[in-house]
Structure formats: C-alpha cells, structure tokens
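What follows is a set of notes on a single structure, which appears directly below.
The values are calculated or read from the model by the stated rules, or taken from the named source; none is laboratory data. Model, not experiment: these values are computed from the prediction. Glycine gets a Cβ as well: all are built from the backbone with ideal geometry, and neighbour counts include every protein chain shown.
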Amino acid sequence: EQYYRCRFSYFLQYVLRIRPRRRAELSPLESGSLVHYILEHVMRRAGAEFPRLAPEELARLAGEVADQYVAENMPAAGRRFAYLVERLKRGVTRLLAYLQAEQAQSLFHPAAFEQEIGTGEGAVPPLTLRTPEGRTVQVQGKIDRVDVMEREGRTYLRVVDYKTGNKAFSLDEVYCGLNTQMLLYLFTLRSNAAQVYKNPVAAGVLYLAGDPVLKTGSRAEAAAAPVYKVDGLVLNDELVVRGMDRDATGMFVPFAFGKDGAPRASAKLASLEKLGNIEKHLDALVVEMARGLYAGEIDAVPLRTAAHCPCDVCDYRPVCLHEDGRGETSVQAPKDVFETRADACKAQGEGNI
C-alpha cells in the first residue's frame with residue numbers, strides 16, 4: 001500500500017529504514033497501538049467467556065491491560081498523559097461492549113490474534129510470487145484478528161482489522177494498490193493455511209473504526225453510546241451473511257438489509273468469482289511492485305485520493321521537497337471494477353447496483 005501511495009516514501013521507510021524521532025506522548029499513532037493492545041489482550045484473556053463478561057468486569061480487564069502497556073512502554077508519563085489514558089480506557093470499554101454484542105449473535109469467532117504471515121515459528125507461509133525475470137517476491141505481515149465459522153465441512157475465514165479514525169474501503173482504491181493489506185492476508189490464509197483450517201473459504205475482510213468521529217450535537221448525544229462503523233468486503237453467500245449478522249440488523253456488516261431481510265445490492269458484497277478477480281489483480285500488483293523496485297523506480301509520485309494527498313501527513317516531505325499539484329496521480333479505476341458480466345447482469349436485474 002505504501003509503495004503505491006508513494007514509491008519514494010516506501011523506499012525511505014522500508015529500504016533505507018529512516019525513522020523520524022517521536023516524542024513520548026499519546027499521539028494518534030501511539031493511541032492506535034494501545035487500542036490494538038487492549039482489544040487483543042482482553043479478548044485473549046477472556047476467551048470463550050468474552051461475550052458473557054459483566055460491564056464492570058470488562059472495564060476492569062481493559063484498565064488492567066492498559067496500565068500494563070503504559071508501565072512497559074511509557075513509565076515516566078505525566079498527569080496529562082494519565083488523563084488521556086483514562087479517557088481512552090473508557091472509549092475502548094465501550095468498543096469492547098460492542099464487540100461483545102457482535103460476538104453474542106455471530107457464528108464467526110476469533111481463532112487467532114496477531115497472526116504472523118511469514119517464515120517464523122507458528123507463522124502462516126507468506127504469499128510467494130515470481131516476476132517474469134525469475135525473481136522471487138514474498139508478502140509478509142501480521143493480522144490483527146482471524147475469525148472462523150465452521151459449517152458443512154468448510155472453514156469460512158474472516159480477517160478483522162481495528163482502525164483509529166475513519167477508514168473508507170474502496171474497490172477503486174484497491175485497483176490502484178490501496179486498501180490491499182487485509183485482502184492479501186485473507187487470500188494468503190485461504191491458500192497457505194490449509195493445515196490449520198480445514199477446507200478454508202475466504203468469507204471477507206472487515207474494518208472496524210475503534211474511535212468513531214462524533215458529529216456536532218448536544219451534550220446528551222455526545223454522552224450516548226457511539227455508533228461503530230463497519231466497512232470492508234463480504235462474500236455474497238447467505239450462510240456467510242447470516243453468520244455475521246444473524247438478525248439482519250446491518251450493525252455488524254458493511255451493507256444494509258431490505259424489509260424482506262435480504263442484503264441490498266452493494267459493492268461491499270462479492271461473489272467467489274469477483275473475489276477471484278481481485279486476487280489475480282493483487283498478485284499482478286505485487287509482481288509489478290517487485291519489478292519496479294528492482295528497476296530502481298522510486299520517484300516521488302504521490303497517489304491522491306478523494307480524501308487527501310499522502311504528502312499532507314508524510315514524515316519525509318522535507319526530504320523529497322514535493323510541491324503540491326506537481327508530479328501527482330489520482331485514483332482511477334474502470335466502472336464496476338472487478339465485477340464479472342454475470343454479477344453486473346444480476347445487479348441490473350435487481351434494479352439496484
């Protein structure tokens with residue numbers, strides 16, 4: 001993703017491994033790490049009992065885990081830092097309550113946390129591809145959470161990622177190399193983890209905003225429980241859809257349901273054939289990236305999305321001296337990207353694409 005966002009930024013960060021100095025503070029980056037840590041360790045400690053924990057027990061566990069993280073990573077933090085951590089604890093406890101509700105009704109349940117994709121002990125073998133020139137490229141990483149549903153002799157796999165801030169999933173961006181990480185992990189699990197998961201099937205990827213941005217409103221509205229937004233891509237299969245959202249509420253999946261309880265046509269639903277098209281395209285992007293790196297293609301050509309330009313938050317802007325509006329590209333993808341002819345005809349027949 002970083003390579004396709006800006007090749008020069010990728011080169012500095014992952015090849016030269018240049019890192020900016022950071023202050024010991026609860027920055028958005030550090031807040032995200034702490035949220036991930038709390039969610040993982042609370043759910044790991046609670047295990048199968050997680051959906052049934054009482055609210056006070058949930059808050060106690062979240063507090064213990066947060067304090068452990070701070071003691072190990074920022075022992076000399078001051079009063080303001082302590083206040084921000086306490087506020088973050090309350091927010092994460094609300095998020096954990098939402099996850100309890102989701103788990104209580106779901107047929108998907110966590111099977112792994114921080115799952116390594118690589119070559120180490122306990123890791124799932126990485127995606128491995130070859131360029132036309134015969135060079136090998138591997139994609140390694142770590143998955144926040146892997147959920148499974150076992151039905152009819154198959155293991156349906158779901159990859160879940162927690163995001164701090166807004167995360168909009170777009171297949172147009174996937175086409176250009178963004179939003180690809182979780183999909184690459186999902187397809188790698190499906191292909192390389194058969195020894196762990198019997199007859200694996202790719203069921204989808206979900207992004208959950210861990211700190212939803214509140215809209216302007218009254219104090220009472222601000223005090224109410226936040227509405228957590230789910231985004232991503234789900235296999236268009238009734239067994240999978242109902243496995244994720246049993247009562248068709250739309251609270252736990254990235255699409256809505258009609259009055260008849262059936263999912264409304266959505267770009268967030270994908271047939272197996274569409275998922276196959278996406279996988280082939282991602283493989284091609286990985287090979288193209290490898291060829292570009294071997295060829296020394298590391299020019300600063302940022303990819304601008306509808307939301308922003310990556311230069312706006314780039315640590316390396318003082319190095320490349322990028323000028324806004326020059327040497328930039330934008331997200332462009334074919335209409336109905338990744339759709340098959342059969343999918344398009346079906347959607348038109350339903351009168352709603």
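Numbers below:
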item: Single unsatisfied condition, Tyr175 versus (1) farther than 20 Å from Val240 by Cβ; (2) surrounded by fewer than 18 Cβ atoms within 10 Å (Cβ to Cβ); result: (2)
item: For Glu133: the one exception among (1) within 28 Å of Glu56 (Cβ to Cβ); (2) surrounded by fewer than 19 Cβ atoms within 10 Å (Cβ to Cβ); result: (1)
item: Pick from the range 328-353, criterion part of a loop (DSSP other than H, G, I, E, B) and modelled with pLDDT under 85, ranking: nearest to Leu275 (Cα to Cα); result: Thr340
item: Checklist (1) among the aliphatic types (A, V, I, L, M); (2) under 21 Å from Ile38 (Cα atoms); (3) free of Cβ contacts under 8 Å to residues at least 24 places away in the same chain applied to Val160, failing item; result: (3)
item: Scope the range 252-281; condition hydrophobic (A, V, I, L, M, F, W, C) and either part of a helix (DSSP H, G or I) or touching a His at 6+ places or on another chain (Cβ under 7 Å) (or both); matching residues; result: Leu272, Leu275, Ile278
item: Whichever residue in the range 282-300 is in a helix (DSSP H, G or I) and among the aliphatic types (A, V, I, L, M) and, among such residues, is nearest to the chain's Cα centre (by Cα); result: Leu282
item: Subset of the range 114-162 [modelled with pLDDT of 95 or more and aromatic (Phe, Trp, Tyr)]; result: Tyr156
item: Any hit, the range 297-312, residues being within 22 Å of Ala203 (Cβ to Cβ), surrounded by fewer than 19 Cβ atoms within 10 Å (Cβ to Cβ) and among the hydroxyl-bearing types (Ser, Thr, Tyr); result: no
item: Extreme residue, nearest to the chain's Cα centre (by Cα), among residues of the range 163-208 that are hydroxyl-bearing (Ser, Thr, Tyr) and in a helix (DSSP H, G or I); result: Tyr185
item: Only listed residue being of a type in the set (A, V, I, L, M) and part of a strand (DSSP E or B), chosen from Val92, Val160; result: Val160
item: Residue in the range 1-32 that is modelled with the lowest pLDDT, counting only those that are surrounded by 13 or more Cβ atoms within 10 Å (Cβ to Cβ), in a helix (DSSP H, G or I) and within 20 Å of the chain's Cα centre (by Cα); result: Glu30
item: Pairs with Cβ under 7 Å, 6+ apart, first in the range 48-67 and assigned to a helix (DSSP H, G or I), second of a type in the set (Ser, Thr, Tyr); result: Leu58/Thr93; Ala59/Thr93; Ala62/Thr93; Val65/Tyr37
item: The listed residue being over 17 Å from Asp144 (Cβ atoms) and either modelled with pLDDT of 95 or more or among the aromatic types (Phe, Trp, Tyr) (or both), out of Leu214, Leu235; result: Leu235
